[in-house]
Amino acid sequence: MGTKHDVLTEAELASYSLNPVVADTIATFRETSGLEPSQIRILDWGCGRGRSVAVLRDQGYDAYGVEIDEATMRNGFALFENRGWQPSRLLMLLSDLEGVPNGSFHLIFSEQVFEHVFDLEHAAREQARLTRPGGLGIHCFPGALGITEDHLFMPCVHWLPKRTIRRAVIQAMLALGKGPEGGWIETRGKPRREQAQVYYEYLNHRTYYRDTAAICRLFQAHGFTARSEVAGMSTRARRLLPSYLRRNGFPNNAVRLHLMKREL
Ligand SMILES: C[S@@+](CC[C@H](N)C(=O)[O-])C[C@H]1O[C@@H](n2cnc3c(N)ncnc32)[C@H](O)[C@@H]1O
């Protein structure tokens, strides 16, 4: 599987599949709305190189993506062009959204994005503007209290304050052999202390873990009904946990936020 630094290829796309929760939500919307896929407009928020947009277009949906990082997004352009799709129309930068009319989308989704969004208030406001009444949102992201941090593959480092204690623990984890397999490109060939600094800065400046209840309240304030659920643990075992742990993905991460834009 390629990374955001690699150009998206047909071979990589062939082995990629849409998040099953997102796929289910889209399929349910299709059934209940009675619309054909080509009539259903979907936006992938934080689309990366556009893999999910391409998969949904293959299935006949009118799918688009929006990204904050232009370099990442451009790594999907060649594949879109080779398929006769206009990448600059289908894959947009966050700043391009201003020109997109209100209520343009039936459904907005994201996969592993909310934990990276610095300005979630802006995302909620824009998603409320862009979703038509009765339209849906489905967002899958790691909870703030999952034991393993999803990007560094280290336990609990995201629970620590964004201060030197966090860097020290990351360095200790590296010494214990924890961390991304093979290391990130940015860390290769560097001594452990400098590797720890790279991971520390990433965690501090590229991740914003929040309480799921606060995320729900934010979207409710912008006109959505919001419901969160956590995957991967039997309901009985989960009931024993305090709600703060439960809703934030303890112990095994995956949170799903289901939204519906209230009718006016
Ligand atoms: C882990 S990647 C996931 C990419 C894609 N959803 C996928 O599953 O392949 C997170 C993406 O969210 C993007 N991102 C972060 N903040 C964003 C924001 N405020 N608006 C749109 N995209 C954002 C990042 O640039 C990055 O490409």
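The values are calculated or read from the model by the stated rules, or taken from the named source; none is laboratory data. Keep in mind that this is a model prediction, so the values were computed, not measured. Glycine also receives a Cβ, built like all others from the backbone with ideal geometry; neighbour counts cover every protein chain displayed.
Looking at (1) touching a residue at least 12 places away in the same chain (Cβ under 8 Å); (2) over 28 Å from residue 225 (Cα atoms), which one does residue 88 not meet, given that it meets all the others?
(1)
Just to verify a result, which residue in segment 10-27, among those that are hydroxyl-bearing (Ser, Thr, Tyr) and surrounded by 13 or more Cβ atoms within 10 Å (Cβ to Cβ), is nearest to the ligand (Cβ to nearest atom)? Break it down into steps so the answer makes sense when it comes.
Taking segment 10-27 and keeping what is hydroxyl-bearing (Ser, Thr, Tyr), we get 15-17, 25.
Okay, now just the ones that are also surrounded by 13 or more Cβ atoms within 10 Å (Cβ to Cβ), so 16, 25.
Details: 16: 8, 25: 15 Å.
By that ranking, first place goes to 16.
Restricting the search to segment 129-145, which residues are within 15 Å of the ligand (Cβ to nearest atom) and over 14 Å from the mean Cα position of the chain (by Cα)?
Answer for segment 129-145, where residues must be within 15 Å of the ligand (Cβ to nearest atom) and over 14 Å from the mean Cα position of the chain (by Cα): 129, 130.
Mind listing just one residue for me: the one in segment 250-264 that is at pLDDT 90 or above and in a loop (DSSP other than H, G, I, E, B) and, of those, surrounded by the fewest Cβ atoms within 10 Å (Cβ to Cβ)? Working first, answer last.
First pass over segment 250-264, keeping only residues at pLDDT 90 or above: 250, 254-262.
Now narrow it down to the ones that are in a loop (DSSP other than H, G, I, E, B): 250, 262.
Working: 250: 19, 262: 13.
Applying the filter and picking the extreme gives 262.
Among the residues of segment 71-85, which ones are without any contact (Cβ under 8 Å) to a residue 40 or more places away in the chain, buried (at least 19 other Cβ atoms within 10 Å of the Cβ) and either aliphatic (A, V, I, L, M) or within 11 Å of residue 10 (Cβ to Cβ) (or both)?
Listed by number, the list holds a single entry, 73.
Please go through segment 217-233 and give me each residue that is farther than 14 Å from residue 125 by Cα and not in a strand (DSSP E or B), ordered by number.
Across segment 217-233, the qualifying residues are 231, 232, 233.
Out of 109, 118, which single residue is assigned to a strand (DSSP E or B) and under 20 Å from the mean Cα position of the chain (by Cα)? If you could, list the steps in order and put the result at the bottom.
Numbers: 118 fails: assigned to a strand (DSSP E or B).
109 is the lone residue from the list that is assigned to a strand (DSSP E or B) and under 20 Å from the mean Cα position of the chain (by Cα).
I'd like to verify a number: residues in segment 151-193 that are closer than 26 Å to residue 2 by Cβ, loosely packed, with under 13 Cβ neighbours inside 10 Å and either assigned by TED's automatic domain parsing to the domain that holds residue 117 or more than 24 Å from the chain's Cα centre (by Cα) (or both), how many?
3
Being buried (at least 20 other Cβ atoms within 10 Å of the Cβ) and either within 20 Å of residue 69 (Cβ to Cβ) or in the same structural domain as residue 31 (by TED's automatic domain parsing) (or both) narrows it down to one residue among 142, 133; which is it?
Working: 133 fails: buried (at least 20 other Cβ atoms within 10 Å of the Cβ).
Matching residue, one of 142, 133: 142.
Just one of (1) more than 17 Å from the chain's Cα centre (by Cα); (2) among the aliphatic types (A, V, I, L, M); (3) under 27 Å from residue 128 (Cβ atoms) trips up residue 71, so point out which.
(3)
Just one of the numbered conditions (1) out of contact with any Gly (no Cβ under 9 Å at 6 or more places or on another chain); (2) under 26 Å from residue 5 (Cα atoms); (3) touching a residue at least 60 places away in the same chain (Cβ under 8 Å) is not true of residue 121; which one?
If we test residue 121 against (1) out of contact with any Gly (no Cβ under 9 Å at 6 or more places or on another chain); (2) under 26 Å from residue 5 (Cα atoms); (3) touching a residue at least 60 places away in the same chain (Cβ under 8 Å), just (2) comes out false.
Using beta carbons and a limit of 7 Å, which pairs, at least six apart or on different chains, have the first residue in segment 93-112 and within 19 Å of residue 51 (Cβ to Cβ) and the second one in a helix (DSSP H, G or I) and among the aromatic types (Phe, Trp, Tyr)?
Taking only residues 6 or more apart or on different chains, the pairs are 107/29.
If you go through segment 76-106, how many residues are within 10 Å of the ligand (Cβ to nearest atom) and assigned to a loop (DSSP other than H, G, I, E, B)?
1
Considering 231, 221, which residue is surrounded by 13 or more Cβ atoms within 10 Å (Cβ to Cβ), aliphatic (A, V, I, L, M) and more than 19 Å from the chain's Cα centre (by Cα)?
On the way: 231 fails: more than 19 Å from the chain's Cα centre (by Cα).
Answer to the check: 221.
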